[in-house]
Amino acid sequence: MIPLFAQVRRDAAVRVDAGSTLAAGLDGIHVILPSSAYHEGLMDEIARRIAESIADRYRIERKLGAGGMADVYLARDLRHDREIALKVMRPEPPQTLGTERFLREIRLLARLQHPNILGLVDSGEAGGLVYYVMPSLAAGSLRDRLNRERELPIADALQILREIAGALEH
C-alpha cells in the first residue's frame, strides 16, 4: 500500500504536497518524491539561507515544490543518513499570520499518527526561517502517476480513494 494523501481542487486538478496537513484547512496536501539528483541551480535564496543555518544536521539537495506559504526541499538527514522532506516557510507578508498558521500545522502534524499521513520528524527555526522535517517517500506523487498513465485501473483508483478517506477520517 502506497501512502497517499491528496486533495482534489475545485478545478479538478489533483495537488499533492508533503507538508501541508489538516491544520491548513485541507488547503494543499502533498506527497513528497525523493530523487538522488542534486541540482545546485534549483536552490534559491531561501534554500541557501536555510542550508547555511542547518548545515550541521541537513543537506538540501533540491527543491521539490512550493505551496501557498512554503517551499519543500529534498534533503539529507546527516545524523541518520536518510532522505527527508524539508518544508520551509517563506518570509513573505503577512509573516505573523502565516507563521502562526505554519506553527499550528507543525503542532497538528506532530500529533497525527496514521499510515496515510506523513509524520513529523523535526521542526525549528534557523536563519530566521521556520521549518519542519518529514520522511521522504520513494513512491512518487499521484500527479506524476496520472501524468504517466493518464487513467488508473479502477482497482487502483478505489484503493487510493480508500487511503484518502482513511486519512481524512483520522
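The values are calculated or read from the model by the stated rules, or taken from the named source; none is laboratory data. No experiment lies behind these values; they were computed from the predicted model shown. Neighbour counts are summed over all protein chains in view; Cβ atoms, including those assigned to glycine, are modelled from backbone coordinates with ideal geometry.
Of the residues Leu86, Leu97, Leu118, Leu108, the single one that is over 18 Å from Leu64 (Cβ atoms), in contact (Cβ under 8 Å) with a residue 24 or more places away in the chain and of a type in the set (A, V, I, L, M) is Leu108.
Rundown of residues vs (1) touching a Gly at 6+ places or on another chain (Cβ under 6 Å); (2) closer than 21 Å to Arg57 by Cα; (3) of a type in the set (D, E, K, R), yes/no style:
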residue: Tyr73; (1), (2), (3): no, yes, no
residue: Arg90; (1), (2), (3): no, yes, yes
residue: Leu108; (1), (2), (3): no, no, no
residue: Ile117; (1), (2), (3): no, no, no
residue: Val121; (1), (2), (3): no, yes, no
residue: Leu137; (1), (2), (3): no, yes, no
residue: Arg143; (1), (2), (3): no, no, yes
residue: Ala165; (1), (2), (3): no, no, no
residue: Glu169; (1), (2), (3): no, no, yes
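Within segment 71-92, can one find any residue that is over 18 Å from Ser123 (Cβ atoms) and under 14 Å from the mean Cα position of the chain (by Cα)? No: zero hits. Filtering segment 121-167 to residues that are farther than 28 Å from Leu78 by Cβ and touching a residue at least 24 places away in the same chain (Cβ under 8 Å) leaves Leu142, Arg143, Leu146, Gln159, Ile160, Glu163, Ile164, Gly166, Ala167. Taken over segment 96-137, the criterion of being touching a strand residue (DSSP E or B) at 6+ places or on another chain (Cβ under 9 Å) and of a type in the set (S, T, N, Q) is satisfied by Thr99, Ser123, Ser136.
Could you say whether any residue in segment 21-39 is at pLDDT 50 or above and over 30 Å from Leu152 (Cα atoms)? There is no residue in segment 21-39 that is at pLDDT 50 or above and over 30 Å from Leu152 (Cα atoms).
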